[in-house]
1. Using the Karplus curve 6.51 cos²θ - 1.76 cosθ + 1.60 with θ = phi - 60°, what ³J(HN,Hα) values do you get for each residue of the range 245-252, in whole Hz, with x for Gly and Pro?
2. To the nearest 20 Debye, how big is the dipole of the range 169-237 about its Cα centre, given +1 on the beta carbon of each Lys and Arg and -1 on that of each Asp and Glu?
3. How far apart, in nanometres, would the label points at Ser362 and Asp451 be if each is projected 7 angstrom from Cα along the Cα-to-Cβ direction?
4. Mean separation of Cα pairs under 8 Å and 6+ residues apart, divided by the residue count of the chain: what relative contact order is that in percent?
5. Work out, step by step, the length gained on full extension between Asp228 and Lys326: first 0.36 nm times the residue separation, then minus their alpha carbon distance; give nm to one decimal.
6. Under 5 Å between amide hydrogens, which residues at least 5 positions from Val233 or on another chain qualify, with H placed 1.01 Å from N in the peptide plane?
7. Please work out how many pairs of lysine residues in the range 89-184 are eight or more positions apart (or on different chains) and have Cα atoms closer than 15 angstrom.
8. By how many nm would the segment from Asp79 to Ser351 lengthen if fully extended, with 0.36 nm per residue of separation less the alpha-carbon distance?
Amino acid sequence: MKRIGLLAPVGLALALVAAACTSAVSQEDHDALKTQLEAAKSGVVQAGNLQPAPAEKQLTGWDTPESMRGGLRLVVTYDSSGPDAWDPKAHPLVYLTSEGMGYNHRPSKTNKLPGVQVIDATTKEVVASKLYDLGGEPTMTPHGLGVSPDGKWSYIGFTDKLPSGENRQLTLVINTRTLKLDKVLTHQGGQRLHHVMGFTDAQGRDRVVLEYGFGANGGPHFMVDPKDNNKVVRAITVEDTGYKMGHPFLTVDPAAKFLYVSLVAPAWRDELHNTGGIAKVNVETGAVTVVPYTGDHPIGIAHTADGQYTYVADGHGSLVYKIDNKENKVVGNTSAGIAGPYGLALNWDESELWVVGKGEGSHNTGGVLGVIDTKTFRPANTFNQPVNIGGAVIDHAFLHPDPNVNELWVSSAGTWETIVVDLNTKAVKARIPSPNGGDTHSGAFVRYNPDWTGEVLADHGGPHTAMYKVRQGIVAKLAAARP
């Protein structure tokens with residue numbers, strides 16, 4: 001089987017590296033770099049230091065056998081130290097999310113650059129933001145933001161085009177404290193970073209998963225160690241899963257022992273249905289268990305706090321599947337209640353499974369939520385569905401870390417805002433516009449101490465350990481109270 005991580009490489013001579021050698025920079029590149037440097041003086045746009053150490057030295061020190069096997073390469077490293085971007089004493093609980101140029105059918109009117117925004121999760125005010133200009137014309141927005149489990153690093157990816165015509169797929173590693181660039185990575189096979197999630201594994205090691213690909217063309221994916229210079233410790237390729245990987249929407253189970261990776265069979269699904277599946281990848285050993293029959297285009301994944309069940313959304317079939325994790329088989333399916341489901345999120349007592357109605361695989365302009373009653377495992381019928389939250393191109397839904405707040409935060413790429421839904425009233429509670437008018441996708445809730453030590457509580461992959469423990473306690477308390 002051909003290894004997808006070893007496809008023909010793209011050039012590593014990005015403008016960032018070329019800028020160190022004046023003779024290698026064209027007049028167009030020179031002008032572009034000058035413009036971004038001038039913009040950087042305003043404090044709005046970071047151009048980077050633009051005088052990186054020699055690429056050969058950086059690549060030699062960062063590469064691992066797994067990064068080389070999967071085709072992930074370091075382009076340049078920066079000094080990301082500097083003044084604090086915001087005050088963690090004043091804003092200890094924040095939500096970080098991306099910002100960008102928007103989809104082609106829903107472009108931002110005011111922003112073209114990729115960036116990061118930091119929102120106080122209590123007051124809902126934007127307390128910091130940063131845009132990044134790397135010398136090219138952005139051609140694809142960041143589709144996800146992730147944060148290392150200790151809150152130190154943030155990760156986004158985007159695509160741009162240089163004046164020379166070269167297209168670049170770039171992954172940015174950002175110092176969350178300063179919001180300055182630390183590293184730029186690229187995939188040699190030309191895959192683009194889509195989603196990012198973090199977790200602390202069963203051995204107590206912090207891990208971040210960089211998820212590459214779009215549509216049903218996922219992988220390879222990379223598990224990196226954020227405490228060891230963000231080096232790759234494991235690549236997940238088609239050789240590892242044994243099947244073609246689908247949409248890059250990876251999660252980890254509550255015990256942090258298995259990564260859940262969607263699988264597709266593109267040659268079959270044009271003729272047959274229900275050919276998708278889920279690969280359970282053992283975090284420690286890399287061993288793979290395949291759970292088949294999760295629709296045609298498995299996307300969103302959510303886990304119960306006790307790890308007994310996993311829910312999977314089928315973006316094309318508009319169904320949600322329920323997996324028994326002990327038996328490793330599908331034990332039920334039901335209507336998603338909306339067209340083209342994407343993200344999934346369980347409420348605090350796990351009585352409701354909220355389904356993001358993006359319109360995946362069809363119109364891709366959805367702005368409604370569906371709700372499944374997990375006890376009957378069918379769409380809830382005690383209130384009107386779908387729940388219209390007035391969004392457009394909504395992708396992800398995140399349970400706020402405080403159960404007393406009882407909110408769901410939804411990214412709305414087409415209305416350039418984060419929408420906060422009250423889970424008690426099932427109505428919109430607040431709208432948080434992106435600071436530069438850009439679109440937003442996946443994000444993470446992070447708690448910080450005054451000394452900047454931090455902890456991610458929830459991200460694209462779902463709740464982390466602390467939230468799972470609270471949710472499991474709520475579920476157990478309710479169960480004990482039943483006659």
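1. 7, x, 4, x, 10, 7, 9, 10
2. On the way: 9 positive and 6 negative charges, 30 e Å.
Roughly 140 debye, rounded to the nearest 20.
3. Inter-label distance under the simple model: 5.4 nm.
4. Numbers: 1361 pairs, mean separation 64.9, N = 483.
Once divided by the residue count of the chain, the mean separation gives 13 percent.
5. Details: separation 98, 0.36 × 98 = 35.28 nm, distance 3.38 nm.
Length gained, Asp228 through Lys326: 31.9 nm.
6. Answer set, sorted by chain and number: Met223, Val224, Asp225.
7. On the way: Lys112/Lys130; Lys112/Lys161; Lys130/Lys180; Lys152/Lys180; Lys152/Lys183.
The number of close lysine pairs in the range 89-184 is 5.
8. Working: separation 272, 0.36 × 272 = 97.92 nm, distance 4.71 nm.
Gain on extension, Asp79 to Ser351, equals 93.2 nm.
Each value in this text was obtained by applying a stated rule to the coordinates, not by laboratory testing. None of these values were measured; they are calculated from a predicted model. No Cβ is skipped: glycine too gets one built from the backbone with ideal geometry, and neighbour counts run over all protein chains shown.
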